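*Asks:* A single structure is presented below for examination.
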Amino acid sequence: MGTETELITERAIGADRPLPEEQALDLLHRYFVCPHCGNISRLFAVNEFYGEDGSVVGREYYLSCHDVEDLPPEEARNGTLPFRKVHHRVSSLAELEEVKITRTKPNVEVFLHAHNYDAEGRLTRRLIQRSDSFLPNSLGMLCSQMESQYATGTVTSCSGPNTGNTSSAFIDGYTEGAYYEMFATGAPSGNANYGIQVGTGTAANSTTTYALASQIPNGTGSGQLSYGSGAASWSAGSTSTTAVRTFSNSSGASVTVSEVGLVWESNVSGYNFIMIRDVLSSSFTVANGGNFNVQYNISITVS
Ligand SMILES: [Zn+2]
């Protein structure tokens, strides 16, 4: 057991050098004894902080832990955690003892990548965090597609709460020959209605979460960020797809980001549904003149 010989440690790569991304992702599939609560917990997030010369000046590792008391059965419903989650932090892998558990990779998993740049364009912080939740709307939209019948041009669409918390059909008016976008994240620059969104909320997700807790508006005023255009990528045979967006701060002061979400637009403009939402393991401070880049990477495991 132990991280010293089994893993590429900070010592092995140099304490001041960035962890390779694939190494950080490898760590996020491993289990460790939490020095705070004693649970055997999976790593949840890896943060690195950088100095002006690009060297690592600090790290944070977060473990997915839980309260000692399980939730009562009436609160522990199917589709939610049967305990109250907490994230415990260490600043070095040397504080962790790895427990060798037969490693598994989920059928589907999502990772959130965030990069924070200062006004001079220097990377100041990188986060790789396991995404907590697809939200129920993601299944409703998938089901609406599975129910579609191209041959007859008809659809029995499911409905769910849009980002304004109004119940709305995921697909409406689908007809043969008419092609509406689905699962759209390619929002144009300045459009904060869909695609990747950022906010200041820290509330936990529930099965009724319909939007970010407190979205940061698009703009250059106080507390605002300029939303860049969204993009997504995939190639044939690839086991992952990535949505990406950059946010620029021209507000005149720093802006704090605590939550991130992926909102899909469907059907026609205005049909916006939140699919994924995550509270960041710790908040980011985007400097005035700086940029904040977010990537959602959705991957599958073939076995
Ligand atoms: Zn713990």
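*Asks:* Yes or no: residue 66 in a strand (DSSP E or B) and under 25 Å from residue 17 (Cα atoms)?
*Replies:* No; evaluated as a whole, the condition is false for this residue.
*Asks:* Then there is this: Taking the condition in contact with a strand residue (DSSP E or B) (Cβ under 9 Å, 6 or more places away or on another chain), among the basic types (Lys, Arg) and either surrounded by 16 or more Cβ atoms within 10 Å (Cβ to Cβ) or closer than 22 Å to residue 243 by Cα (or both), does residue 126 pass?
*Replies:* Against the criterion (in contact with a strand residue (DSSP E or B) (Cβ under 9 Å, 6 or more places away or on another chain), among the basic types (Lys, Arg) and either surrounded by 16 or more Cβ atoms within 10 Å (Cβ to Cβ) or closer than 22 Å to residue 243 by Cα (or both)), residue 126 qualifies.
*Asks:* Tell me, please, whether a residue that is among the polar types (S, T, N, Q), in contact (Cβ under 8 Å) with a residue 24 or more places away in the chain and either in a loop (DSSP other than H, G, I, E, B) or closer than 19 Å to residue 209 by Cβ (or both) can be found in segment 108-122.
*Replies:* No; the residues of segment 108-122 include none that is among the polar types (S, T, N, Q), in contact (Cβ under 8 Å) with a residue 24 or more places away in the chain and either in a loop (DSSP other than H, G, I, E, B) or closer than 19 Å to residue 209 by Cβ (or both).
*Asks:* Could you grab me the full set of residues in segment 226-266 that are part of a loop (DSSP other than H, G, I, E, B), buried (at least 21 other Cβ atoms within 10 Å of the Cβ) and either in contact (Cβ under 8 Å) with a residue 40 or more places away in the chain or not assigned by TED's automatic domain parsing to the domain that holds residue 190 (or both)?
*Replies:* Scanning segment 226-266 gives 230, 249, 266.
*Asks:* Restricting attention to segment 74-92, which residues are within 15 Å of the ligand (Cβ to nearest atom) and modelled with pLDDT under 90?
*Replies:* 81, 83, 84, 85
*Asks:* Select from segment 25-46 the residues that are near the ligand (Cβ under 9 Å from one of its atoms) and touching a helix residue (DSSP H, G or I) at 6+ places or on another chain (Cβ under 6 Å) and list them in ascending order.
*Replies:* 35, the sole residue that qualifies.
*Asks:* A follow-up question, please. Is segment 259-269 home to any residue that is at pLDDT 95 or above and either of a type outside the set (A, V, I, L, M, F, W, C) or touching a helix residue (DSSP H, G or I) at 6+ places or on another chain (Cβ under 6 Å) (or both)?
*Replies:* The answer is yes; a qualifying residue exists.
*Asks:* Being outside any loop (DSSP other than H, G, I, E, B) and polar (S, T, N, Q) is the filter here; which residues of segment 267-303 pass it?
*Replies:* 272, 281, 282, 283, 285, 291, 293, 295, 297, 299
*Asks:* Starting from residues that are among the small types (Gly, Ala, Ser) and modelled with pLDDT of 70 or more, keep the ones in segment 3-36 and report whichever is surrounded by the fewest Cβ atoms within 10 Å (Cβ to Cβ).
*Replies:* Within segment 3-36, the match that is surrounded by the fewest Cβ atoms within 10 Å (Cβ to Cβ) is 14.
*Asks:* Just to be sure I understand the filter: pairs with C-beta atoms under 6 Å, separated by 6 or more residues or on different chains, first member in segment 35-48 and assigned to a strand (DSSP E or B), second member among the acidic types (Asp, Glu) and more than 10 Å from the ligand (Cβ to nearest atom). Which pairs pass?
*Replies:* From residues that are assigned to a strand (DSSP E or B), the pairs are 47/60.
*Asks:* Working only within segment 47-73, note down all residues that are within 16 Å of the ligand (Cβ to nearest atom) and hydrophobic (A, V, I, L, M, F, W, C).
*Replies:* If the condition is that a residue be within 16 Å of the ligand (Cβ to nearest atom) and hydrophobic (A, V, I, L, M, F, W, C), then 63, 65, 68 are the ones that fit.
The values are calculated or read from the model by the stated rules, or taken from the named source; none is laboratory data. Since we're looking at a predicted model, the values are computed, not measured. Neighbour counts run over all protein chains shown; Cβ positions are idealised from the backbone, glycine included.
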